[in-house]
1. Of the conditions (1) open to solvent by 60 Å² or more (accessible area, probe 1.4 Å); (2) not in a helix (DSSP H, G or I); (3) not small (Gly, Ala, Ser), Leu204 clears all except one; give me its number.
2. Restricting to the stretch 51-62, give me the number of residues that are in a helix (DSSP H, G or I) and under 16 Å from the mean Cα position of the chain (by Cα).
3. Which residues, counting only those in the stretch 27-60, are in contact with a Ser or Thr (Cβ under 9 Å, 6 or more places away or on another chain) and in contact (Cβ under 8 Å) with a residue 60 or more places away in the chain?
4. Considering only residues that are touching a Ser or Thr at 6+ places or on another chain (Cβ under 8 Å) and surrounded by 15 or more Cβ atoms within 10 Å (Cβ to Cβ), look in the stretch 175-198 and name the one that is farthest from Glu93 (Cα to Cα).
5. Just give me the residues in the stretch 109-147 being open to solvent by 30 Å² or more (accessible area, probe 1.4 Å), within 19 Å of Asn159 (Cα to Cα) and aliphatic (A, V, I, L, M), in sequence order.
6. Kindly provide the set of residues from the stretch 162-194 that are over 23 Å from Leu5 (Cα atoms) and either under 22 Å from the mean Cα position of the chain (by Cα) or modelled with pLDDT of 95 or more (or both), ordered by number.
7. Being open to solvent by 20 Å² or more (accessible area, probe 1.4 Å) and either without any contact (Cβ under 8 Å) to a residue 12 or more places away in the chain or under 17 Å from Asn128 (Cα atoms) (or both) is the filter here; which residues of the stretch 97-108 pass it?
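The values are calculated or read from the model by the stated rules, or taken from the named source; none is laboratory data. For clarity, every value in this text was computed on a predicted model and none was experimentally measured. Neighbour counts run over all protein chains shown; Cβ positions are idealised from the backbone, glycine included. Side chains are part of the model used for accessible areas, which takes the heavy atoms of the whole protein and leaves out ligands, DNA and RNA. Shrake-Rupley method; radii C 1.70, N 1.55, O 1.52, S 1.80 Å.
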Amino acid sequence: MAEELYFIKTNPTIAKINLYNKLSREEENILKFLQPEAKNTLETIKEKIKDSVEELTQEELLLIFQWFHKVYSSDHEETKTQLFINGIDLFYEIPTNVHAENFLQILSDYEKLLKQDMNYIVDSKNFNQFLIYGIFLTEMINRKQHPDNILCEYLKPDNQSLYLLAEDQCGVKDFDPNIIPDLQHYFNDLYDLTKFYKGSIIKLENQ
């Protein structure tokens with residue numbers, strides 16, 4: 001069960017220099033954190049970063065994340081700043097497990113409907129399409145409380161197939177109405193933060 005859900009943009013050029021050098025400088029510290037098989041794990045991570053930070057597996061990237069959180073445990077904003085300096089932009093978080101799980105459930109249903117596995121690194125265009133679907137779905141479920149969703153109406157003309165897909169799902173899925181406003185907020189925020197972005201987006205689950 002995901003306790004937190006992180007959304008990340010990367011800068012492989014910066015990571016190739018800054019993150020690689022940081023891991024090399026603080027090797028003794030990170031080796032204690034990475035036990036067991038620490039040396040091999042660290043060398044694998046460093047070699048991949050030299051090529052591209054996006055070559056890391058979800059587990060390897062999560063290890064780096066957890067290490068940064070441990071080093072800067074007293075200040076979450078400093079953790080984010082240090083990650084950014086090292087080529088990892090944590091641009092959005094869904095912090096509670098109930099919201100993270102429901103977000104992931106909507107994603108899983110969407111993948112099955114489209115027969116498309118988005119993996120943990122996803123092209124921003126595909127991710128954007130999912131977010132539009134999520135905006136439509138949560139708006140439909142939440143319509144009685146908030147009948148006027150300007151963003152939904154703006155997106156609808158150019159995304160009719162996603163709208164109809166959400167409409168079908170709205171009739172067959174049973175969601176807790178109490179969490180829908182928060183989910184709607186997450187989908188709207190993520191759409192605003194990624195609609196003009198052209199790179200890959202990483203979805204990282206912290207369990």
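1. Status for Leu204: all satisfied but (1).
2. So the count comes out to 7.
3. Hit for the stretch 27-60 is Glu54, nothing else.
4. Ile180
5. Matches in the stretch 109-147: Leu113, Leu114, Ile141.
6. The one that is over 23 Å from Leu5 (Cα atoms) and either under 22 Å from the mean Cα position of the chain (by Cα) or modelled with pLDDT of 95 or more (or both): Leu162.
7. Within the stretch 97-108, Leu104, Gln105, Ser108 meet the criteria.
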